[in-house]
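These notes are about the structure you will find just below.
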Amino acid sequence: MAPPGVPPGRSWVDAYRGMSADNIKGLVLALSSSFFIGASFIIKKKGLKKAGSSGVRAGAGGYSYLYEPLWWTGMITMIVGEIANFAAYAFAPAILVTPLGALSIIISAALAHIILRERLHIFGILGCILCVVGSITIVLHAPQEREIDSVKEVWDLATEPAFLCYATIVIAAAFIIIFHFIPKYGQTHVLAYLGVCSLIGSLSVMAVKALGIALKLTFSGMNQLIYPQTWAFTIMVAICVVTQMNYLNKALDTFNTAVVSPIYYVMFTSLTILASVIMFKDWDRQNPTQIVTEVCGFVTILSGTFLLHRTKDMVDGGTASLPMRLPKHADEDGLTPEGIPLKRQESL
């Protein structure tokens, strides 16, 4: 007997259309990116430990790690992960790719537990499970990637009134925060720096996606490099990424990583999804049930992310304090004791 809502004679397997080929490519690239970036932090930390044992450690201002092959292996692994993440946006919608960044936390936590012998609290394991459940929910209900045949189409989407209004509000808000709030509250309120990072970051992802689509079409035989729109998106990527990383570094230099990482992930991912919904109209091709399910999956990932970061320093019988200020030289490895940061933050 066919399930409710499925025509007689057809099973639910036949009724389910499944993911498009582009979505599958984007999913594989996003998962690969999470693995490489998550593993890169562990490899780099091992390299820092090895370099610190025979020279001046990074936390004391030394650069002996630059002569350590293991550290460079970690850097190369991170670069490969970022390239995979860049390519993922060319194939899949941002609402699918961006939340999967949380999976790099799971990779880092698992490898740290196995390789670095950093104990993972039971609530940290629960946080990992929540991230996986939320990610699966989003993957199964993500919208199909929009069919685009030219970078001009992306430019038309970016210049529609709705997205221009969003971009104007984002840029105006960023300038207000930079010139009014940061001078007054930048050293005491983490939201000042992270507000700029998240706002500009949402625009940078849209520009990255546009540039990725242009390169994908170019490699498939339809040269998009002859269009000025491609180079306009390239300039936008450069400006947005530099601005985003500048203020993210300020936040990481001022506040505890365990505070910066989850807050930045929530703000950046939320604004990126909003920008994608406005520009690429991801939700126009979905029904309310799918949209609500995606939102629930996203909230589940947020819950897992917060739980994992909040309990990463916990031991049985007590909790470690979470100082709001980030010490300049936190430990012997030149890394902060709070653990492994989120993807697309320190990685860039």
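By per-residue mean of other Cβ atoms within 10 Å, what is the highest-first order of 195-207, 165-177, 36-48, 145-157?
My ranking of the peptides, most packed first, is 195-207, 36-48, 145-157, 165-177.
I want to check the label-to-label distance for Leu274 and Thr218. Put each point 7 Å from Cα in the C-beta direction and report it in nm to one decimal.
Output for this residue pair reads 3.2 nm.
Mind listing the long-range amide H neighbours of Phe255? Cut-off is under 5 Å, sequence gap 5 or more, other chains count too, H placed in the peptide plane at 1.01 Å from N.
Leu326
Dipole size in debye (nearest 20) for the range 97-152 around its Cα centre, Lys and Arg Cβ +1, Asp and Glu Cβ -1?
Result for the range 97-152 is approximately 240 debye, rounded to the nearest 20.
With the cut-off at 1.5 for a/c, could you classify the range 110-219 from its C-alpha gyration tensor as rounded, prolate or oblate?
It comes out oblate by the Cα gyration axes.
What ranking, highest mean first, results for peptides 291-298, 132-139 when packing means the other Cβ atoms within 10 Å averaged over each residue?
Going by the mean number of other Cβ atoms within 10 Å, highest first, we get 132-139, 291-298.
What is the distance in Å between the Cα centroid of the range 283-299 and that of the range 99-175?
After rounding, the separation between the Cα centres reads 15 Å.
Given the pairs Lys216/Lys281; Lys25/Lys250; Lys25/Lys46; Lys50/Lys209, which are separated by over 28 angstrom at their Cα positions?
Violating the 28 Å Cα-Cα cut-off are Lys25/Lys250; Lys25/Lys46; Lys50/Lys209.
Return the FRET efficiency for the residue pair Val292, Ile122: r is the Cβ-Cβ distance, R0 is 30 Å, and the value is rounded to the nearest 0.05.
E(calc), rounded to 0.05, equals 0.50.
What ranking do 28-34, 69-75 get when scored by the average of other Cβ atoms within 10 Å per residue, highest first?
Answer by packing, highest mean first, reads 28-34, 69-75.
Write down the accessible area per residue of the range 191-292 in Å², having rolled a 1.4 Å probe over the full set of protein chains.
Value returned for the range 191-292: 37 Å² of accessible area per residue.
Residues with beta-carbon under 10 Å from that of Leu70, excluding Leu70: net charge, scoring Lys, Arg +1 and Asp, Glu -1?
+4
Summing Lys, Arg as +1 and Asp, Glu as -1, what charge do residues with Cβ under 14 Å from the Cβ of Ile177 carry, Ile177 excluded?
Charge balance near Ile177 sits at +2.
The values are calculated or read from the model by the stated rules, or taken from the named source; none is laboratory data. Quick caveat: nothing in here was measured; it's all calculated off a predicted structure. Here the Cβ is made from the backbone with ideal geometry for all residues, glycine too, and neighbour counts use every protein chain on show. Each accessible area value is taken on the protein alone, full model and side chains, heavy atoms only, with ligands, DNA and RNA left out. Shrake-Rupley method; radii C 1.70, N 1.55, O 1.52, S 1.80 Å.
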